[in-house]
Amino acid sequence: MRPCSGAVHYDDGTSVIPSHKNLRNRLLAALTPDLFDALCDQLEPVPLKPGEVLVRPGEPIRSVWFVESGIVSAIANTPEDRRIEIGLVGNEGFVGVPLLLGVDRTPHENLVQVDGTALRLTSAAFDEAVDRHAALRRLLLRYVHAFQIQTSQTALCNSSYNLEERLARWLTMCHDRIDGDEFPLTHEFLSIMLGVRRPGVTTTIHVLEGAGMIKARRSHIRIVDREKLQAAAGDSYGVAEAEYARIIEAALKDSSAADAHTGLWAEPDAAAGRPHIVRSPGDIGRSS
Amino acid sequence: MPRYFLNLRDRGTLIEDPEGDEAQDIAEILRIAQATIDDIFGRPETYGDMRRWNRFSFEITDEAGELVLTVPFAGNGNGVG
């Protein structure tokens, strides 16, 4: 198995040459080793810096980013500069979905919210890869479905749930996507993302903190009681996460159990006779 | 531009604003506070229990931590309070 061309440097000072074994991106990890190998040379490890704009509204999308760590926001804007966050992308997904759908630009924006790393593929290499490998295209299209459910749930939450539930959902979703329990966050950023005034965020954080769910300090939030926080989010959290688990992770397990020779995300020819690599289920939907 | 902090007073509790807003002067920060109160009273489905908000006031401080203005929510929204 060939390693990728460059090393990825992680926050904790370690650096690794990405290979199928140490992938953090759950979509790439769901590919068979052969299929990952076919992509590997084209994947460029890149840092994701807070505030970095990966996709600008109306401008050509030049790459896709398979997120290894960190969080990227998907944001809808108006010409008068009203903005609201519609979705989050972490290591369960990739940024640059329009390219998969044959569209080279979008009115939406992708902004790095929590720093991390990604494996980047140029749009040309990505087009070629999804044309050549039907298994890759099928897997990524399933992710598009899951992401669409996530953004739809955000719309539902924005209209039907109060700020406390929405903020609890948002923090829970971030917790799903970070290593550990703490991440940087300002009330100002969160107020823009949730489409509310900052004092609304400040008081709601105070309420969640008072209930022992989180601890806020110096532009950071620490999740103290995940179970309680998820309960505070109520039904606003869970539908999108269950859908991801059902169509990506559970489907992967089923396919490997049912038929190792035609693994869902393997090339039909390449998979013949090889066992399917199944990564342990990720953190999304964890409840304790 | 000076920075002002929109701390929230809820009876005996003061919820501190850790970030603040930039504003030209006290008149501008008052406009920001009133616009915030309008938004909160205008969207009860988002901001939740209005009885709670109705007993809040902004205790606006400057960068030195001095109290410069108190703005009760009640009576400062559009037609509410």
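Laboratory data are not the source of any read-out in this text; all were calculated from the coordinates shown. Predicted model only: the values in this text are computed from it and were never measured. We place every Cβ from the backbone using ideal geometry, glycine too, and count neighbours over all the protein chains shown.
Quick notes
- Computed Kirkwood radius, in angstrom, where 1/r is averaged over Cα pairs of the stretch B:3-72: 12.4 Å
- Cβ-placed point charges (K, R +1; D, E -1), dipole of the stretch A:8-271 about Cα centre in debye, nearest 20: 660 debye
- Shape annotation for the stretch A:44-162: C-alpha extents along the principal axes are 45, 27, 27 Å, from largest to smallest.
- Considering only A:ALA76, A:VAL53, A:LEU136, the residue lying farthest towards the positive end of the dipole of the stretch A:8-271 is A:ALA76, judged by Cα position with unit charges set on Cβ.
- Restriction of the trypsin sites (Lys or Arg not before Pro) in the stretch A:30-128 to DSSP coil positions whose beta-carbon has at most 11 other beta-carbons within 10 angstrom yields A:ARG82.
- For the stretch B:21-62, applying the loop criterion from DSSP together with a ceiling of 14 other beta carbons within 10 Å to the chymotrypsin sites (Phe, Trp or Tyr not before Pro) yields no site.
- Isotropic mean projected area of the C-alpha convex hull, the stretch A:8-271 (nm²): 14.0 nm²
- Average projection area in nm² (convex hull over Cα atoms of the stretch A:137-220, one quarter of hull surface): 6.3 nm²
- Filtered GluC sites (Glu not before Pro), the stretch B:29-71: DSSP coil and at most 12 other beta carbons within 10 Å: B:GLU63, B:GLU66
- For the stretch A:66-117 and the stretch B:1-56, distance of Cα centres in Å: 30 Å
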